[in-house]
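Notes to accompany the following structure.
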Amino acid sequence: MLDYLIPRYKVLRDADLCTRCGVCERTCSNDVHRVDEQAGRVTADHMKCVNCQRCVTMCPTHALAIGKWPQVGNGSSNWTLECLQDIAKQAQTGGVLLASMGNPQPHPIYWDHLLLNASQVTNPSIDPLREPMETRVFLGARPEALKVNERDHTVMTKLPPQIKLDVPVMFSAMSFGSISLNAQTALAMAAQELGTFFNTGEGGFHHSLKPYADNAIVQVASGRFGVSPEYLNTAAAIEIKIGQGAKPGIGGHLPGEKIDAEVSRTRMIPQGTDAISPAPHHDIYSIEDLRQLIFSLKEATRYTKPVAVKIAAVHNVAAIASGSARAGADIIVVDGFRGGTGAAPKRIRDNVGIPIELALASVDERLREEGIRSTVSLVAAGSIRSSADIVRAIALGADAVYVASAALIALGCHQCQDCSSGKCNWGIATQRPELVKRLNPEVGAQRVVNLIRAWNHEIQEMMGGMGINAIESLRGNRLMLRGIGLTDRELTILGVKHAGE
Amino acid sequence: MTHIRAPREGDVRIPSGCAIAGIMDRSGERHSGGDILKSIALMHDRSNGLGGGFAAYGIYPDYAELRAFHIMYESPEARRETEAYLDVHFISEKQERIPTDSSSRIRNAPDIWRYFVAPHPVRLSMSGMDEPEYTMQHVFHINGCIDGAFVASSGKNMGVFKGVGYPEDIGEFYRIEDYKAWAWTAHGRFPTNTPGWWGGAHPFTLLDWSVVHNGEISSYDANRRYVEQYGYDCELQTDTEVITYLFDLLARRHGFSPEMAAHIMTAPAWDEIDRMEPSRRAFETALRITYPSALVNGPFSVIIGSNEGLLALNDRLKLRALMTAEKGSMVYLASEQAAIEAVCPDAENVRSLDGGVPFLVLLDSVAERKRQENPENSPEQPRPRALEVGLQPSVRKEA
């Protein structure tokens with residue numbers, strides 16, 4: 001059957017600059033480039049290019065760039081080229097379209113419609129180089145009131161377990177299997193260096209990460225891969241994954257070819273078998289079932305570790321978050337539809353879920369209306385792109401944020417959205433040894449540490465400008481935000497005023 | 001006739017700068033308002049004529065067990081409506097117009113009355129609330145729901161005298177030299193916008209608490225959204241209001257001592273906590289973990305008055321001036337040292353208050369009693385919220 005597909009990208013090679021050194025050929029796992037010694041030139045199979053930009057970066061003479069395939073559509077905004085190609089693919093294969101990373105649709109990015117405040121005259125800005133500028137955050141459940149002995153300076157109330165973050169940023173769940181061990185190790189090392197946490201995802205806890213256990217959050221997802229009493233007790237906190245922003249309502253599927261010996265041992269499943277995470281947890285069909293799982297995990301860890309519940313941002317997210325808090329969750333994680341994934345059905349990724357900004361604002365507001373916001377921690381995830389996004393998220397009401405895509409970009413990811421192929425040229429979303437070794441964990445960790453340190457400096461500068469020297473005074477402080485180019489309805493949901501008001 | 005009304009407190013958020021002062025005799029002996037008037041008058045340039053006021057403790061010894069309501073009215077209708085409301089919920093022992101000096105520079109003053117009242121005993125017991133809570137809820141009702149009426153103060157054996165004008169003119173207008181109090185506080189206001197109404201002047205009060213404040217807090221919305229969870233309605237949108245509610249939540253409802261409440265609002269920095277010995281570190285950490293949203297950030301100096309004494313507090317970074325001095329049993333507080341020296345030239349121990357360190361001055365009698373008290377706080381039981389016990393759904397069921 002004739003394949004009706006056309007290339008998405010065109011490899012642009014400057015013949016004057018190309019020395020035919022062959023670096024591009026060696027670096028491309030998709031076999032795009034070929035040095036043709038006979039013809040004295042380098043050729044490209046454009047069809048195979050995924051625009052990961054590895055060759056562009058590696059080319060010593062900067063002879064390479066990747067362009068869009070010049071084919072135009074027919075001018076219709078309805079039957080776009082992408083639409084035609086998707087139909088062609090499905091007509092060819094009869095399969096569900098697979099994609100990766102988060103929702104790429106051109107929906108409003110509300111972060112970009114929220115402006116930050118700064119002090120002038122009536123309230124001095126604070127210089128973070130001169131004054132303490134606190135970004136430490138604790139996550140966990142809290143009592144509404146504390147009982148203390150004021151004379152002895154002792155606390156009578158038993159405080160629920162907490163985790164301490166020196167920066168208001170953690171690395172969100174990415175399993176060993178979906179990413180390489182080197183990538184996970186880099187994040188673990190960075191988390192330890194930064195005084196924050198990485199998340200194992202649902203892929204189990206690899207034994208080599210033991211030294212970073214105090215900075216690990218382990219996930220209990222519907223597949224229950226790698227879950228054992230030891231696994232639960234190893235980490236600093238436990239996260240129940242109910243949903244993920246990139247693919248709310250569905251589970252996961254790691255194909256058998258990615259289940260090598262190490263992945264198999266860590267996930268506790270046979271080598272070469274598909275790892276299927278069902279869409280729901282088969283022991284959670286209701287909120288009361290969630291409560292049972294939360295308390296099973298607390299019992300298993302003798303109430304020494306906070307238990308987080310991660311939910312995807314869907315229409316009724318505020319009620320679900322509130323229910324999770326009442327079910328005993330110490331930390332609620334809300335993941336917006338731009339949050340990444342290693343693999344998701346394209347139609348799900350592109351059409352299901354809502355933006356984190358709106359979800360976060362409505363969850364925070366609902367928890368406050370119910371008077372329980374101060375007794376639970378709230379973490380926002382789903383495409384935090386910069387320190388300014390973090391400041392906005394905290395001002396909307398988050399205690400801290402999760403980042404994943406940004407951390408992977410620091411490791412080399414170029415967001416080509418082809419993670420599911422397992423041929424990641426950057427050694428991140430792959431298990432092929434020759435590709436994995438391209439990512440040096442130490443070097444990677446340093447890059448991630450640099451990124452988060454830089455962001456933290458920027459957060460401190462922005463807080464100082466607002467006259468705030470502790471991050472808790474930014475939390476939920478929506479007067480520090482103003483909307484721009486938003487409708488009244490959007491402003492109401494976000495709980496912010498328009499610029500100029 | 002209609003006229004254009006400038007935006008009031010509550011319509012907009014108005015930052016303001018200010019002068020504050022306080023004078024107290026620890027022995028409990030009472031003094032006239034002459035000194036506090038002189039002290040705040042010296043700081044004339046720190047206010048701009050758009051608000052001034054005084055709080056006085058111990059001025060009504062003959063009615064010490066009753067609530068003294070100072071209420072301002074814009075119209076006779078407002079007074080009729082308020083008095084009818086008070087008649088239902090309280091029993092009034094005495095009511096009278098507060099004497100004012102008509103020859104003063106103050107113009108367009110509202111009609112100002114005081115009432116000495118006790119809660120209606122049957123209604124109080126049926127309400128399920130304690131007396132302070134009962135009184136507070138009715139004060140909120142009058143301020144929020146009766147147009148043109150504003151309760152300036154509702155404490156026992158205390159009162160607030162405030163209005164639009166320079167503080168020295170307001171003091172003359174109310175003839176505060178005719179009153180005798182063991183503690184006085186004063187406020188001169190420099191709003192960066194025009195509030196132009198009497199209720200918005202300071203001191204701000206809640207039951208026996210009165211608060212005078214200088215500064216602009218940058219944590220305002222974080223603090224506001226925190227206390228609003230517990231039934232405090234921040235209608236005026238002012239810093240002073242939210243500071244007062246935070247203080248009430250911590251000191252009255254969570255049962256902390258005033259110093260501990262103030263300590264929580266100006267928690268020590270983490271690097272300071274990290275250097276503490278382990279048990280103290282655990283204590284401070286637990287406080288910051290439990291009360292992160294009670295931390296007040298940005299420049300401020302406040303003097304909080306109560307029936308026990310005065311509490312002065314500066315922000316953690318000491319971004320606003322506040323001086324103190326002593327002479328015998330007298331304690332003086334003011335935004336400027338000169339304002340203390342103006343009334344007590346030979347004051348001793350003149351110093352600037354440290355940032356984030358609560359400075360508490362108690363009546364000798366109260367200090368003695370406090371030493372005997374249990375050092376453990378007893379937080380009240382969290383009460384059910386309206387949305388949990390209401391008969392009607394507050395919002396329609398969602399899809």
query: Which Cα, out of A:Ile294, A:Ile259, A:Pro280, lies furthest along the positive dipole direction of region A:245-323 (beta carbon charges, K/R +1, D/E -1)?
result: A:Ile294
field: Mean-position separation - Cα centroids, region A:444-501 and region A:344-368, in angstrom
entry: 19 Å
- prompt: Between A:Lys346 and A:Gln71, 0.36 nm times their residue separation minus their Cα-Cα distance comes to what?
  reply: 96.8 nm
- prompt: Any idea what the dipole of region B:63-156 comes to, in debye rounded to 20, about its Cα centre with Lys/Arg Cβ at +1 and Asp/Glu Cβ at -1?
  reply: 260 debye
- prompt: For region A:117-130, in order, what is each residue's ³J(HN,Hα) by Karplus, 6.51 cos²θ - 1.76 cosθ + 1.60 with θ = phi - 60°, in whole Hz (x at glycine and Pro)?
  reply: 9, 8, 7, 9, 6, 6, 8, x, 6, 10, 8, x, 7, 10
field: A:Val403 long-range amide H proximity, modeled H, under 5 Å
entry: A:Met170, A:Phe171, A:Ser172
Chain A: antiparallel DSSP beta bridges as a percent of all, rounded to 5: 45 percent
- prompt: Roughly how many debye, to the nearest 20, is the charge dipole of region A:108-180 about its Cα centre, given +1 on each Lys and Arg Cβ, -1 on each Asp and Glu Cβ, and no other charges?
  reply: 300 debye
query: What is region B:114-160 by shape, rounded, prolate or oblate, if you read a ≥ b ≥ c off the alpha carbon gyration tensor as root eigenvalues and call it rounded for a/c under 1.5, prolate for a/b larger than b/c, and oblate otherwise?
result: oblate
field: Inter-site label distance for A:Glu257 and A:His207 at 7 Å from Cα along Cβ, in nm
entry: 2.9 nm
field: Test item: Cα-centred dipole of chain A, Lys/Arg +1 and Asp/Glu -1 on Cβ, debye
entry: 400 debye
message: Could you order the peptides A:203-215, B:203-215 from most to least packed, using the average number of other C-beta atoms within 10 Å per residue?
response: B:203-215, A:203-215
statement: Taking every DSSP bridge whose two residues both lie in region B:63-156, the antiparallel percent to the nearest 5 is 100 percent
- request: Please list the non-local residues whose amide H lies under 5 Å from the amide H of A:Ala99, H modeled 1.01 Å from N, same-chain partners needing a gap of 5 or more.
  value: A:Ala344, A:Lys346
query: According to the Cα gyration tensor, what semi-axes, each the square root of 5 times an eigenvalue, does the equivalent ellipsoid of region A:9-95 have, listed from largest to smallest in whole Å?
result: 30, 15, 11
message: Let me confirm one metric for peptide B:371-378, namely the mean number of other chain beta-carbon atoms within 10 Å of its residues' beta-carbons.
response: 4
query: ³J(HN,Hα) across region B:152-161 via Karplus (A = 6.51, B = -1.76, C = 1.60, θ = phi - 60°), whole Hz, x for Gly/Pro?
result: 6, 7, 8, x, 9, 6, 8, x, 10, 10
field: Mean residue ellipticity (222 nm) of chain B, computed from DSSP H runs ≥ 4 via -39,500 (n - 2.57), nearest 500
entry: -8000 deg cm²/dmol
task: Could you work out how far helix A:317-326 tilts from the main Cα principal axis of chain A, as a 0 to 90 degree angle to the nearest 10?
output: 50 degrees
- request: Ignore the peptide's own chain and count Cβ atoms of other chains within 10 Å of each Cβ in B:226-239; give me the average, rounded.
  value: 2
- request: Would you mind getting me the FRET efficiency between B:Ser92 and A:Lys147? Use the beta-carbon distance for r and R0 = 35 Å, nearest 0.05.
  value: 0.35
query: Using 7 Å Cα-to-Cβ label points, what is the B:Cys145/A:Ala15 separation (nm, one decimal)?
result: 8.7 nm
query: Got a sec? How would A:Cys83, A:Cys52 order by Cβ neighbour count within 10 Å, fewest to most?
result: A:Cys83, A:Cys52
- request: Please order A:Val121, A:Val137, A:Val11 by the number of other Cβ within 10 Å, starting at the fewest.
  value: A:Val121, A:Val11, A:Val137
statement: Extension length gain for A:Gln292 and A:Asp274 (0.36 nm per residue less Cα distance), in nm, is 3.6 nm
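If you take the square roots of the eigenvalues of the alpha-carbon gyration tensor of region B:302-360 and sort them as a ≥ b ≥ c, do you get rounded (a/c under 1.5), prolate (a/b over b/c) or oblate?
oblate
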- prompt: Quick one: if the Förster radius is 60 Å, what FRET efficiency do A:His457 and B:Glu131 give, using the C-beta to C-beta distance and rounding to 0.05?
  reply: 0.70
message: Compute the distance from the alpha-carbon center of region A:60-133 to that of region A:174-242, in whole Å.
response: 28 Å
message: Starting from the 7 Å offset along Cα-to-Cβ, what nm value, one decimal, do you get for the label separation of B:Val350 and A:Ala499?
response: 4.9 nm
- line: In deg cm²/dmol, rounded to the nearest 500, the helical mean residue ellipticity at 222 nm of chain A, built from -39500 (n - 2.57) for every DSSP H run of length 4 or more, is -8500 deg cm²/dmol
message: If you average the alpha carbon positions of region B:139-172 and of region B:263-294, how far apart do those two centres end up, in angstrom?
response: 37 Å
message: If you restrict to DSSP beta bridges whose two residues both lie in region A:9-95, what percentage is antiparallel, to the nearest 5?
response: 100 percent
field: Exposure proxy ranking, count of Cβ atoms within 10 Å, fewest first, for B:Met126, A:Met174, A:Met189
entry: B:Met126, A:Met189, A:Met174
field: Zone residues, region A:438-470, relative to A:Glu131, backbone N less than 18 Å from point 7 Å out along Cα-to-Cβ
entry: A:457-470
- prompt: Near A:Lys164, which lysines are there with a Cα under 28 Å away, not counting those fewer than 8 places off in the same chain?
  reply: A:Lys147, A:Lys210, A:Lys241, A:Lys298, A:Lys305, A:Lys310, B:Lys318
field: Zone of A:Val96's modelled label, taken as backbone nitrogen in region A:304-343 under 13 Å from a point 7 Å along Cα→Cβ
entry: A:343
message: Normalised by the empirical 2.2 N^0.38 Å for globular proteins, what value does the Cα Rg of region A:113-208 take?
response: 1.58
- request: Based on the mean of other Cβ atoms within 10 Å per residue, sort peptides A:253-263, A:178-188, A:336-346 so the most packed one is first.
  value: A:178-188, A:336-346, A:253-263
statement: Taking a ≥ b ≥ c as the square roots of the eigenvalues of the Cα gyration tensor, with a/c under 1.5 meaning rounded and otherwise prolate when a/b exceeds b/c and oblate if not, chain B is rounded
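May I ask you to compute the full-extension gain from B:Ser75 to B:Arg280, defined as 0.36 nm times their residue separation minus their alpha-carbon distance, rounded to one decimal in nm?
Net length gain for the segment: 68.2 nm.
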- prompt: Once the Cβ-Cβ distance between A:Arg489 and A:Val121 is put in as r, and R0 is 41 Å, what FRET efficiency do you end up with, to the nearest 0.05?
  reply: 0.75
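Read-outs: derived from the displayed coordinates by stated rules, not from any lab. Everything numeric in this text was worked out from a predicted model, so none of it was measured. Neighbour counts run over all protein chains shown; Cβ positions are idealised from the backbone, glycine included.
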